[in-house]
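What follows is a single structure, written as structure tokens, with notes after it.
Nothing in this text is a laboratory measurement; each read-out follows from the coordinates by a stated rule. Since the model is a prediction, treat every value here as computed from it, not as a measurement. Neighbour counts run over all protein chains shown; Cβ positions are idealised from the backbone, glycine included.
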Amino acid sequence: MNLEFNIAVHLLTFLAKHSEERYSSNELATRICVNPVQLRRVTRRLTEQQFLNASRGKYGGYQANAQTMRVNLADLLVLFSEERSDGRLFTGDAGSDCEISREIGQTMSRFHQREQALLIDYYKNVSIHDVLNEVLKEDSHEKI
């Protein structure tokens, strides 16, 4: 799990609850408590996947569409796990004299792949609709 995944879930859940309204990136960034640049990086990818609608111009902004409520969290996890290059993820050195240092990176990489598979499997059964209901249940017992 990472921040972009969390931003995407928060954003889509918010837009699903307010599906008739359109919001600017600055307004959404304020409501979601992130930097507008972070938000736009996430909205660009969500728009590419057609998980929300985006329009430009004076009255433009972001709005839920027919797919927003049905977005699967496993799809979001995969979408925001791809192309991550935050630097080095594993320790070790394949050229080391130490057996542990030579093998630890590959071993931890396999563990990481299994971890991702478990998370994806878990989130396959969770949609934005489910998240919204859970949030509202905790807040006011209101259902969508």
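Of all the residues in segment 25-59, those that are assigned to a loop (DSSP other than H, G, I, E, B) and either within 18 Å of I128 (Cα to Cα) or in contact with a Pro (Cβ under 9 Å, 6 or more places away or on another chain) (or both) number 4. Somewhere in segment 69-86, is a residue loosely packed, with under 14 Cβ neighbours inside 10 Å and in a helix (DSSP H, G or I)? Yes, segment 69-86 has at least one match.
No other residue among T68, T47 is of a type outside the set (A, V, I, L, M) and under 22 Å from L119 (Cβ atoms) apart from T68. E21 meets each of the listed conditions (1) more than 16 Å from the chain's Cα centre (by Cα); (2) buried (at least 16 other Cβ atoms within 10 Å of the Cβ); (3) part of a loop (DSSP other than H, G, I, E, B) apart from (2).
G95 meets all of the listed conditions (1) free of Cβ contacts under 8 Å to residues at least 12 places away in the same chain; (2) assigned to a helix (DSSP H, G or I); (3) within 25 Å of Q113 (Cα to Cα); (4) not charged (D, E, K, R) but one, namely (2).
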